[in-house]
Amino acid sequence: MNIKTSKRIKLTVTYILLILALLWTIFPLYWMIKSSFTVSSEIHTARPELFGFTPTIEHYKDLIFNAHFLINLRNSLVIALLVTGIGLLISIFASYSMTRLRYPGRNFFSASVIMSYLLPTAVLFIPMYLFVSRLGLAGTKWAMLVIYPTFVVPYCCYMLRSYFSAIPYALEEAAMIDGCTRLQSLRYIILPIALPGIAVVATFAFTMSWNEYLYAMIMTTSINQMTATVAISSWKYGDIINWGRIMAGCVVASLPVTVIYIIAQSMLVSGKADGSVK
């Protein structure tokens, strides 16, 4: 076997493995979309067909007019956007102070942020519930605005620290020599260069807030206060599972995150710091 044939075999095997991995990843998405457009009688058959199905939009009508899922989507969207904004605002200033400023206890503060992110969610259930209850927010979606930043902000700080540390300090020194203050150098130097990193962090912060389930399930009781993830899980009544509504809800709930990823994709460009130094 010559070298050319060996390379061709390796390339063929690689492509086969990649195609299998792609099918393995895409198939659940395909089955979710297919089931959302399939009549209920075919969904509950013992051996449903892989490709053939009778199309219908009844599940989406049921989702909007009977389940009132748009209310739950609005709750999730409001909470995710507010938490993402709060998380970015706090983490940008915190990460900047941890990478640029010198003050007593900086290392302890940095380590505390990382440790708070590593705490298991189950450990904080009871303290968080008591805290939001004393604030009068128990049973409402606004409790999430208090709870979600406890894990979103540490994550954002952990990610943004690495981006800020990679930006040469000489850029800020040059700006401050020209008369910029710390806040001006952060606004005009650091943030534009770190924009790809901020876009990544914002995308993941939004996704974390959008997909969170455990806290939202415990803190909200009314259907009008539930987030989309909790509402979807509530459509299982004992042994009865409304698969059509659930699949339609999953399709609709995945759209905002998909749109966010598409919007952020244009910002995910590396190498801006290198270009600024040149």
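The values are calculated or read from the model by the stated rules, or taken from the named source; none is laboratory data. Values in this document were obtained by computation on a predicted structure and should not be read as measured data. FYI the Cβ positions are ideal-geometry reconstructions off the backbone, even for glycines, and counts take in every protein chain you see.
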3 or more residues surrounded by fewer than 20 Cβ atoms within 10 Å (Cβ to Cβ) and either of a type in the set (Lys, Arg) or not assigned by TED's automatic domain parsing to the domain that holds Ile26 (or both): qualifying helices (runs of 4 or more DSSP H) within the range 164-271:
169-177, 182-185, 195-211, 214-219, 243-265
Just checking, does the range 117-124 include any residue being of a type in the set (A, V, I, L, M, F, W, C) and not in a helix (DSSP H, G or I)?
yes
Taking the condition of being without any contact (Cβ under 8 Å) to a residue 12 or more places away in the chain and of a type in the set (Phe, Trp, Tyr), how many residues in the range 228-266 meet it?
1
Output for Cβ contacts, cut-off 8 Å, separation at least six or different chains, first residue in contact (Cβ under 8 Å) with a residue 24 or more places away in the chain and assigned by TED's automatic domain parsing to the domain that holds Gln225 in the range 76-97, second surrounded by fewer than 17 Cβ atoms within 10 Å (Cβ to Cβ) and in a helix (DSSP H, G or I), reads Ile92/Leu191
Among Gly197, Gly139, which is the only one that is farther than 20 Å from Ser76 by Cα and of a type in the set (Gly, Ala, Ser)?
Gly197
Any residue in the range 75-91 that is in contact with a Ser or Thr (Cβ under 9 Å, 6 or more places away or on another chain), modelled with pLDDT under 90 and of a type in the set (Ser, Thr, Tyr)?
no
Within the range 119-148, track down each residue that is closer than 25 Å to Phe108 by Cβ and surrounded by fewer than 21 Cβ atoms within 10 Å (Cβ to Cβ).
Leu119, Pro120, Thr121, Val123, Leu124, Pro127, Met128, Phe131, Val146
Please state which of the following conditions Val113 fails to meet, knowing it meets all the rest: (1) farther than 23 Å from Val153 by Cα; (2) under 25 Å from the mean Cα position of the chain (by Cα).
(1)
